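I have placed the structure first, in the form of structure tokens, so that the comments after it can refer back to it.
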Amino acid sequence: MTLYRLISHLSLDAVRKLFCLFVLLWSVIPGFSQETEPCGTGSYIDFLESRNPGIRKHIDNQYHEAVKASKKHIHQHGKLEPLDTTYVINVVFHVVYKTEEQNVADEHIIDQVRILNEAYNRQNADTVNTRDIFKPVAGNARIEFKLANVDPLGNPTNGITRRQTVLNSFNASGTATLTDYVKRRATGGTDAWNTEKYLNIWVCNLNIGDMNALFGYAFPPTGADFWDNNSFRDANRQGVVLHYETVGTNNPAQLDPTNFTNEKTAIHEVGHFLGLRHTWGDSRFNGCGVDDFIDDTPNSRAASRGCPIGANTCPGDTFPDQVENYMDYGSAECSNMFTEQQVGVMRYNLVNLRPGLAQEVISYKPEPPANELIVISNPINDQLTLYWSETDNDVAILHLYNYLGQEVFTQVKRSGVHVITFDNIDLADGFYHAVVTSGFKTVLEQPVLKVTP
Ligand SMILES: [Zn+2]
């Protein structure tokens, strides 16, 4: 019987089940798809749902709530909210190894923390590779990661634990990953440190045999109380798991950065841990109709591989695929940005759902002006034009204050050019105090006189 005739004899329900089986095979047996899976978070949520029916609904609800809050915040505060706080998260890396190669050295872990910090503060050198069309929506999460210096018992630590295991891999045929063996001492891994106080990152082998099968996965925020389940509490599963080959930039086990996500994997997985979804919408057989509900990540049909700059997989979309986004599957050399709305989601979730993690809050203090920046014409009418010697900041935000110190006008402009014009300044004639901020710094303060044109 040909496949077509076979299918034609089956009920719709049976066809549906066959299709689901195919999807399952494709997702859980790496050899079936013959492709390395950079991220297992989607499959992991399937697993969590199987253990705790209903948890997916909590994850979805929480996601939509965070997206809504992020959009509202940005709408109220302007395109780039001048965030005044940085959140600091204590991190512990648990290295669980069988071979010496898997026993990732401290220097690579320290390097990985540096990479996380650069990415979450938009200080990574490759922000210059963000295309101009996406620079106005690139976001700075202002989250810092710090290797813990005190363990849960109050003892000094370098924030790294090590344990040799007898297990060859934590992804044996896909099953060990799904049971989180690495997160539990009794199953060959290492127990979590209090997941409400520390971001736990387990580093282990996720290969199947010699084949790269999976690079990482994360436990997303659920917004729900922790469930008890068959083995151990969900609280002890919270965190991120990374394949040892991805950790740090100079890791001798590192893969080809033009093809693989490498050290950017941790940025991606922490993004999931703080509640982000993939930019293409998190469905394997998706298409342009499946969205991540984030407005500043353009629609894309499916995950990118490598760095297909210029690809626009959803024709009719004004913008090409945002392959630079950390939440796509672009290679290490390709990804370099989160968006404003993604940043809003992560910060919302951190404050509301993982509040114990943000152990310290650093109030942001504006730095004195450094660049040459002048108002070209003063008095002004309905426009204020600036000349700026530096052009590599992402945006400039103009604030005008009246003599009572009340902010009466604000406008955001891209600042990748020397001359920036703020327009439609509809205010009464008189003196105002102009303040221009960029990258959370005040770069200009000057009185201006508004007159009728
Ligand atoms: Zn992912």
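Below is a table of values for the structure above.
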quantity: Close pairs (7 angstrom Cβ cut-off, 6 or more residues apart or separate chains): more than 14 Å from the ligand (Cβ to nearest atom) in the range 250-277, of a type in the set (Asp, Glu) anywhere; calculated: Asn250/Asp111; Asn251/Glu245; Ala253/Glu101; Ala253/Glu245; Gln254/Glu245; Leu255/Glu245; Pro257/Glu333; Thr258/Glu333
quantity: Any chance Gly281 is more than 14 Å from the ligand (Cβ to nearest atom), among the small types (Gly, Ala, Ser) and modelled with pLDDT under 90; calculated: no
quantity: Of all residues making up the range 430-453, the number that are over 34 Å from the mean Cα position of the chain (by Cα), among the hydroxyl-bearing types (Ser, Thr, Tyr) and buried (at least 18 other Cβ atoms within 10 Å of the Cβ); calculated: 1
quantity: Checking Tyr403 against (1) part of a loop (DSSP other than H, G, I, E, B); (2) in contact with a Leu (Cβ under 7 Å, 6 or more places away or on another chain), the condition it does not meet; calculated: (2)
quantity: Scan of the range 249-289 for residues that are among the aliphatic types (A, V, I, L, M) and either in contact with a Ser or Thr (Cβ under 6 Å, 6 or more places away or on another chain) or not in a loop (DSSP other than H, G, I, E, B) (or both), ordered by number; calculated: Ala266, Ile267, Val270
quantity: Selection count where residues are without any contact (Cβ under 8 Å) to a residue 24 or more places away in the chain and assigned to a helix (DSSP H, G or I), scope the range 120-161; calculated: 1
quantity: Qualifying positions in the range 36-67 - outside any helix (DSSP H, G or I) and either more than 16 Å from the ligand (Cβ to nearest atom) or out of contact with any strand residue (DSSP E or B) (no Cβ under 7 Å at 6 or more places or on another chain) (or both); calculated: Thr36, Pro38, Asn52, Pro53, Gly54
quantity: Residue count, the range 315-332 (criterion: surrounded by 18 or more Cβ atoms within 10 Å (Cβ to Cβ) and part of a loop (DSSP other than H, G, I, E, B)); calculated: 12
quantity: Residue check for Glu360: at pLDDT below 90, exposed (fewer than 13 other Cβ atoms within 10 Å of the Cβ) and assigned to a strand (DSSP E or B); calculated: yes
quantity: Count of the range 310-332 residues which are among the β-branched types (Val, Ile, Thr) and within 16 Å of the ligand (Cβ to nearest atom); calculated: 1
quantity: Test for Asp291: is it of a type in the set (Asp, Glu), within 14 Å of the ligand (Cβ to nearest atom), surrounded by fewer than 24 Cβ atoms within 10 Å (Cβ to Cβ) and in the same structural domain as Leu353 (by TED's automatic domain parsing); calculated: no
quantity: Listing of strands (runs of 3 or more DSSP E) fully contained in the range 181-248 that carry 3 or more residues being away from the ligand (no atom under 16 Å from the Cβ); calculated: 199-204
quantity: Qualifying position, being of a type outside the set (Phe, Trp, Tyr), in contact with an Asp or Glu (Cβ under 9 Å, 6 or more places away or on another chain) and farther than 15 Å from Gly439 by Cβ, among Arg162, Arg131; calculated: Arg131
quantity: Some residue of the range 374-388 being outside any loop (DSSP other than H, G, I, E, B), over 24 Å from Asp132 (Cα atoms) and modelled with pLDDT of 75 or more; calculated: yes
quantity: Any hit, the range 340-351, residues being assigned by TED's automatic domain parsing to the domain that holds Leu276, of a type in the set (Ser, Thr, Tyr) and in contact with a strand residue (DSSP E or B) (Cβ under 9 Å, 6 or more places away or on another chain); calculated: no
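The values are calculated or read from the model by the stated rules, or taken from the named source; none is laboratory data. Treat the numbers as computed from the prediction; the structure is a model and nothing was measured. As a convention, Cβ positions derive from the backbone with ideal geometry for all residues, glycine included, and neighbour counts pool all protein chains shown.
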